[in-house]
Amino acid sequence: MKAGAVHFELTFGDGPENRAQRRDVEVSQSVAEAWIAWLINQAIGLNGEGRFDQAAKLMLSQRRYFERYCDGLPAGSELVRQFEEAQRRTAAPIDEMTRKEASISYLKRLTYQRELRAEAPADPWKGDR
């Protein structure tokens, strides 16, 4: 599948000007889902390298912004719950199989791929309770 180049123009707006815009909830939901998938994949990667403190710092640096962005989204509470779960888990060692399953699950979400594996866990953190 190929897509042509997309051209658009961005205009900076200060806080009040930005907040006055109408929010496209569907697009915002997609952005939040892609954001958390990317973020968790990054934290899982750091965790796999034994860099737990950096995984924790990454999640902490994004938490306030992510929570605020998710406010008012249909699945916002669930996304924040997933964020909190990932933040807690990636700050300490995760067993290899759980790390692999979580990484694959969130990578598929990030790239909008359907899960085709028959044995894929519904909860990517299932093995690491």
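Residue by residue, segment 15-32 carries 3J(HN,Hα) couplings of x, x, 5, 5, 5, 6, 6, 6, 8, 8, 4, 4, 5, 4, 5, 4, 5, 4 Hz when phi is fed to the Karplus relation 6.51 cos²θ - 1.76 cosθ + 1.60 (θ = phi - 60°); x denotes Gly or Pro. Positive contributions from Lys and Arg (+1) and negative ones from Asp and Glu (-1), summed over other residues with Cβ under 15 Å from the Cβ of Arg51, come out at +1. Counting lysine pairs in the chain whose alpha carbons fall under 23 angstrom apart, excluding pairs fewer than 8 residues apart on the same chain, gives 5. What is the helix-to-structure angle for 76-90, meaning the angle in degrees between its Cα long axis and the longest Cα principal axis of the chain, kept from 0 to 90 and rounded to the nearest 10? Rounded to the nearest ten degrees, it is 40. Which of these, Gln113, Gln82, Gln62, has the largest mean-square fluctuation under a Gaussian network model of the chain (Cα springs below 10 Å)? Sorting by GNM fluctuation, first place goes to Gln113.
Peptides 10-23, 34-47 ranked from most to least packed, by the mean per-residue count of other Cβ atoms within 10 Å: 34-47, 10-23.
Throughout, read-outs are computed from the coordinates displayed, never taken from laboratory work. The shown structure was predicted, so the numbers you read here are calculated from the model rather than taken from an experiment. When we count neighbours, we look across all protein chains shown, and the Cβ atoms used for this are built from the backbone with ideal geometry, even at glycine.
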